[in-house]
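S.K.: One structure is given below, represented as structure tokens, and several questions about it will come after.
The values are calculated or read from the model by the stated rules, or taken from the named source; none is laboratory data. Everything quoted here is computed from the prediction, not taken from an experiment. Note that we place each Cβ from the backbone using ideal geometry, even for glycine, and neighbour counts take in every protein chain shown. In case anyone asks, the SASA skips ligands and DNA or RNA and just uses the protein heavy atoms, side chains included. Shrake-Rupley method; radii C 1.70, N 1.55, O 1.52, S 1.80 Å.
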Amino acid sequence: MNIYFLGNYTQELIAKEFEVITKKETPDINVFVSGYNQYKQEIINKESLLYSLKPEIIILSLDLFTLLDDLIYTESKMDSRIDRIIDRIEENIKLFIILSDNLSGSQIFIDNFFFFRPATMATLEYNSSNSYLEAEEISNLKLTELARKLHNVKIIDTKSLIKQFGINNLFDERMHYIAKSHWSLNGIKQLSKLYIRYINAYKGKRKKCLILDLDNTLWGGIIGEDGIENIQLSNDGIGKAFYDFQREIYKLYKRGILLVLNSKNSKDIALNAIDNHPYMILRSKHFICSKINWNNKAQNLEEIAQEINIGMDSFVFLDDSPFERELISTRFPEVYVPELPEDPSEYPNFIRKLEVFDFLDITKDDLHRNEMYIENKKREYLKTSINNIEDFYYSLKMIASIGRVTDFDIPRISQMTQKTNQFNLTTKRYTMTEIKNFQIAENYDVYVLNLTDKFGDNGIVGTAIVKKESKKTVIDSFILSCRVIGRTAETALLNYIIREAIKSGKRKISGEFIETKKNSPCNNFYKSHNFKQIRKNYWVANLETYKVKDIPWIKINGTN
Amino acid sequence: MNELEQKVLTVFSKVFNISVENLSLTFTKDDIDSWDSLGQLQLIMSFESEFDIKFKTQEINQITSIQKSIDYIKHLTDVSSNNVN
């Protein structure tokens, strides 16, 4: 993966620190830094290294003092200074549009604008028509407006570091004068961390599920002893802290983070409080799964992981008891077990500062994830109540829409290749840029499967990348979301690929099964679809004699 | 070699990725390939966090050898401990 730093000051030390931290998790990363203050040339010149590399990620950072140096100290007509500053910003914003256009498959991050020194006009700041800080604010408004319009541009809130760490801690005037970079050693560290946080959000590296305790976590006090009237949960006093804490968690729920209860309590008493307390924000319907009992919490967690079918490394465990936290982190080291603050007034900030649920975009799928899981539970229930599996399939009233990938699907398809482990025949991970390249390549097709059933829209649940050789179609990747495993949707997708292959005169179709620790759910895929194994893990079917597996219970909509 | 010298060599070793055995107290900028202007900054920053000192802007570019590093650090740490007394 290539990452390119562009800017108007010396970014080498930042890039170096960034590379050292990132290499630990992503060894195949290459970091490039544009020449000092060369960002304009790099963006305008179509022959620049930037364009020949087509990096997956670009980090663009402009220092306002350097950008506006001549205007800040100019002696000319005072009242036009702010307009000239804004003009300068707009010239740069035009460059950002060119960059976004020329590298439409890359993700571009731009640092928001700030002055790294205290207000330069002292008490006149904001009280004169030439306020720098006003210029800073206007610049940021224009930048934000721009980013919303460009699909591949996101803003990094670098300015927020100042609030968090302070000017003296982040910047070093000596560096500004001798190295043309204003960041201090600590500033470099914090900025690199911030960049990595945004890149992780872009890559979808985040936790999926938050496991919560009840007593002294979602409310103050112990429900079994204090009773529903006496627990701390209200709209003033310390009870408000728990209320705000729940509101913060509800925000995560709305973004698609799954919520689970794991609490030692009598179920009826706890549920009564959850569903009837006037200030409870999180009701039973918000929890995808609840374990309210007197069992060992590790055992509960094991059952939770099985029920919702996600890996241990996708969980965050929140509990006020150091004993329970210790138990979980010892038993399941992959689970993230942060220390809840001692004082509940810090609880809401604690959630705001958790860096494991970062998003850059909220996709339609994220918004509906919780509903989709609940619909899935209903389907499971239906499955156990119907004896014949085909009757079950018919009862779902499934409709599959299959077609070629559109620009709109690219983030989701890349996300599927990166994150799906179970039904993934080759487990090849692809970035958005790579998917985009497959989409435009003549000899590749990327197919997308969308599945609707009587419980709702499952969203994009399958994808396949195929390479078209002269007489043969080769399946490069074939992925099905775990939400729809066991419903024959994979057959719908394969049949579609086969029909397309036959239509374009191919004689054979082949594919590989690359075994991993996690992909056993699909180890029988080729065999069960009448492919022949010609060498280890390499499967072929002859299209002239291929017997299509019929799945009359799924209605197929071809979308192109 | 005294403790300060040893600590200084460890910083050099980390910044320039050279094992301590391959460093000598007599080394100057010319003996270490990666000691360029960027290396200079990393070195100074590492000294500052390791020894809790602060170089003046004019001093930064005068650190041109291992011996000069030791002299400056010795001077700067003496100054700060005198202040405490």
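S.K.: Search region A:16-43 for residues being part of a helix (DSSP H, G or I) and within 22 Å of the chain's Cα centre (by Cα), and hand back the single one that is nearest to residue A:179 (Cα to Cα).
M.R.: A:18
S.K.: Let me ask something additional. Does any residue in region A:412-424 that is in contact (Cβ under 8 Å) with a residue 60 or more places away in the chain come within less than 6 Å, Cβ to Cβ, of a residue that is in a helix (DSSP H, G or I) and of a type outside the set (Val, Ile, Thr) six or more places away or on a different chain, and which pairs are these?
M.R.: A:422/A:482; A:422/A:521; A:423/A:521; A:423/A:522
S.K.: So, in region A:547-560, how many residues would count as being modelled with pLDDT under 90 and part of a loop (DSSP other than H, G, I, E, B)?
M.R.: 6
S.K.: Tally time: how many residues in region A:248-264 are closer than 25 Å to residue A:224 by Cβ, open to solvent by 10 Å² or more (accessible area, probe 1.4 Å) and either at pLDDT 95 or above or within 15 Å of the chain's Cα centre (by Cα) (or both)?
M.R.: Going through region A:248-264 one residue at a time, the tally reaches 1.
S.K.: All but one of (1) within 14 Å of chain B (Cβ to nearest Cβ); (2) assigned to a loop (DSSP other than H, G, I, E, B); (3) touching a residue at least 12 places away in the same chain (Cβ under 8 Å) hold for residue A:13; state the number of the condition that does not hold.
M.R.: Checking residue A:13 against (1) within 14 Å of chain B (Cβ to nearest Cβ); (2) assigned to a loop (DSSP other than H, G, I, E, B); (3) touching a residue at least 12 places away in the same chain (Cβ under 8 Å), the one that fails is (2).
S.K.: Right, next: Of everything in region A:158-189 that's polar (S, T, N, Q) and away from chain B (no Cβ under 14 Å), which residue is least open to solvent (accessible area, probe 1.4 Å)?
M.R.: A:158
S.K.: Provide a single number: the residues in region A:225-242 that are in a loop (DSSP other than H, G, I, E, B) and out of contact with any Phe, Trp or Tyr (no Cβ under 8 Å at 6 or more places or on another chain).
M.R.: 6
S.K.: Given the criteria within 14 Å of another protein chain (Cβ to nearest Cβ), more than 10 Å from the chain's Cα centre (by Cα), open to solvent by less than 80 Å² (accessible area, probe 1.4 Å) and among the hydrophobic types (A, V, I, L, M, F, W, C), does residue B:53 qualify?
M.R.: Yes, satisfied.
S.K.: In the list A:477, A:470, which residue meets the criterion of being modelled with pLDDT under 95 and either under 23 Å from the mean Cα position of the chain (by Cα) or surrounded by fewer than 21 Cβ atoms within 10 Å (Cβ to Cβ) (or both)?
M.R.: Answer to the selection: A:470.
S.K.: Continuing with the same structure: Could you check region A:92-131 and list, in sequence order, the residues that are over 30 Å from residue A:168 (Cα atoms), within 27 Å of the chain's Cα centre (by Cα) and aliphatic (A, V, I, L, M)?
M.R.: Within region A:92-131, A:97, A:98, A:99, A:103 qualify.
S.K.: Would a scan of region A:55-73 turn up a residue that is touching a Ser or Thr at 6+ places or on another chain (Cβ under 8 Å), open to solvent by 20 Å² or more (accessible area, probe 1.4 Å) and without any contact (Cβ under 8 Å) to a residue 60 or more places away in the chain?
M.R.: Looking for residues that are touching a Ser or Thr at 6+ places or on another chain (Cβ under 8 Å), open to solvent by 20 Å² or more (accessible area, probe 1.4 Å) and without any contact (Cβ under 8 Å) to a residue 60 or more places away in the chain, one finds none in region A:55-73, hence no.
S.K.: Now for a separate question. Just checking, does region B:19-37 include any residue being without any contact (Cβ under 8 Å) to a residue 24 or more places away in the chain, among the aliphatic types (A, V, I, L, M), within 11 Å of another protein chain (Cβ to nearest Cβ) and within 25 Å of residue A:10 (Cβ to Cβ)?
M.R.: Scanning region B:19-37, I find no residue that is without any contact (Cβ under 8 Å) to a residue 24 or more places away in the chain, among the aliphatic types (A, V, I, L, M), within 11 Å of another protein chain (Cβ to nearest Cβ) and within 25 Å of residue A:10 (Cβ to Cβ), so the answer is no.
Matching residues to (1) hydrophobic (A, V, I, L, M, F, W, C); (2) in contact with a Leu (Cβ under 7 Å, 6 or more places away or on another chain); (3) surrounded by 15 or more Cβ atoms within 10 Å (Cβ to Cβ):
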position: A:462; (1), (2), (3): no, yes, yes
position: A:466; (1), (2), (3): yes, no, yes
position: A:481; (1), (2), (3): no, no, yes
position: A:529; (1), (2), (3): no, yes, yes
position: A:534; (1), (2), (3): yes, no, no
position: A:545; (1), (2), (3): no, no, no
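S.K.: Test each condition in (1) under 13 Å from residue A:14 (Cα atoms); (2) not hydroxyl-bearing (Ser, Thr, Tyr); (3) not in a helix (DSSP H, G or I) for residue A:154 and report the one that comes out false.
M.R.: Just one mismatch for residue A:154, condition (1).
S.K.: For region A:125-141, which positions are over 19 Å from residue A:195 (Cα atoms) and surrounded by 15 or more Cβ atoms within 10 Å (Cβ to Cβ)?
M.R.: Of everything in region A:125-141, those that are over 19 Å from residue A:195 (Cα atoms) and surrounded by 15 or more Cβ atoms within 10 Å (Cβ to Cβ) turn out to be A:125, A:128, A:130, A:131, A:132, A:134, A:135, A:136, A:138, A:139.
S.K.: When the residues of region B:38-50 are filtered to those that are more than 9 Å from every other protein chain (Cβ to nearest Cβ) and surrounded by fewer than 18 Cβ atoms within 10 Å (Cβ to Cβ), which remaining residue is nearest to residue A:177 (Cα to Cα)?
M.R.: Filtering region B:38-50 for residues that are more than 9 Å from every other protein chain (Cβ to nearest Cβ) and surrounded by fewer than 18 Cβ atoms within 10 Å (Cβ to Cβ), the one nearest to residue A:177 (Cα to Cα) comes out as B:39.
S.K.: Kindly evaluate residue A:145 against the criterion of being farther than 30 Å from residue A:294 by Cβ, out of contact with any strand residue (DSSP E or B) (no Cβ under 7 Å at 6 or more places or on another chain) and either open to solvent by less than 50 Å² (accessible area, probe 1.4 Å) or assigned to a helix (DSSP H, G or I) (or both).
M.R.: In short, yes.
S.K.: Test residue B:62 against the stated conditions and say whether it is in a helix (DSSP H, G or I) and open to solvent by 60 Å² or more (accessible area, probe 1.4 Å).
M.R.: Criteria not met by residue B:62.
S.K.: Follow-up. Is one or more of the residues making up region A:127-140 touching a strand residue (DSSP E or B) at 6+ places or on another chain (Cβ under 9 Å) and either at pLDDT below 90 or assigned to a helix (DSSP H, G or I) (or both)?
M.R.: yes
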